[in-house]
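S.K.: I'd like to ask some things about the structure below.
Read-outs: derived from the displayed coordinates by stated rules, not from any lab. What you are looking at is a predicted structure, and each value in this text was computed from that prediction instead of being measured.
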Amino acid sequence: MDRSANDQSNSTPVGGDADETPRPTGPVVISVCVSCKSADGLNAGAPMLEAIRAALGDTADVGVRPVQCLSVCKRPTTVAVSSADGYSFVFGDLLPETAVAAVAAFAEAYRQSPYGLVPWRQRAEVLRKGMVTRLPPLGWSPDDGRAPT
């Protein structure tokens, strides 16, 4: 689970203070699988993409893009949130009517969190239940798994 006591999302880096905590630079990217099909075979991804775009409006800090497949076909609709130097999150089982506001709020929290690692308790229930995976940033330390300082 990603809510362990050792989760670094609640800690301050060694040798630094909270103001020095690395936050994702550049835009946050929300990738929406437009290949996702609902149980009745209808496209579920395109409505999610449009709903997220409408909710976020035109912002330079968050980009929304369609992707052809996130390979989580058994859990439509699937959305990924990532940045160039932050964690990547993939969520499934999302519906526009229940998840759009949660995804928008998550993107904002992501921008403000160290490495984009939004604490589990700060995530909406629909995203907690829909969590598929989180991947660490490429710059993560391979030696001990701790955040680079």
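S.K.: Taking amide H atoms as placed 1.01 Å from N in the peptide plane, list the residues 5 or more away in sequence, or in a different chain, whose amide H sits under 5 Å from that of Val28.
M.R.: Those qualifying (amide H under 5 Å, at least 5 residues apart or on another chain) are Val62, Gly63.
S.K.: Ok, one more. Give the Debye-formula value of log10 I(q)/I(0) at each listed q (0.22, 0.24 Å⁻¹), with one equal scatterer per alpha carbon of region 25-134, two decimals each.
M.R.: The calculated log intensity ratios at q = 0.22, 0.24 Å⁻¹ are -1.21, -1.44.
S.K.: Still on this structure, I have one more. Among bridges DSSP assigns within region 25-134, what percent are antiparallel (round to 5)?
M.R.: Numbers: 11 of 17 bridges.
Within region 25-134, antiparallel bridges account for around 65 percent of the total.
S.K.: Under a 5 Å amide H to amide H cut-off, with H placed in plane at 1.01 Å, what residues pair with Val67 once short-range neighbours are removed?
M.R.: Here Val32, Cys33, Val34 satisfy the definition.
S.K.: So, one more: Give me, ordered by chain and number, the residues 5 or more places off Val132 or on other chains with an amide H under 5 Å from its own placed amide H.
M.R.: Sorted by chain and number, the residues that satisfy this are Val90, Phe91, Gly92.
S.K.: Next question, about the same structure. How big is Rg to Rh over region 69-149, alpha-carbon atoms, Rh as the Kirkwood inverse-mean-distance radius?
M.R.: Here the Rg-to-Rh quotient is 0.99.
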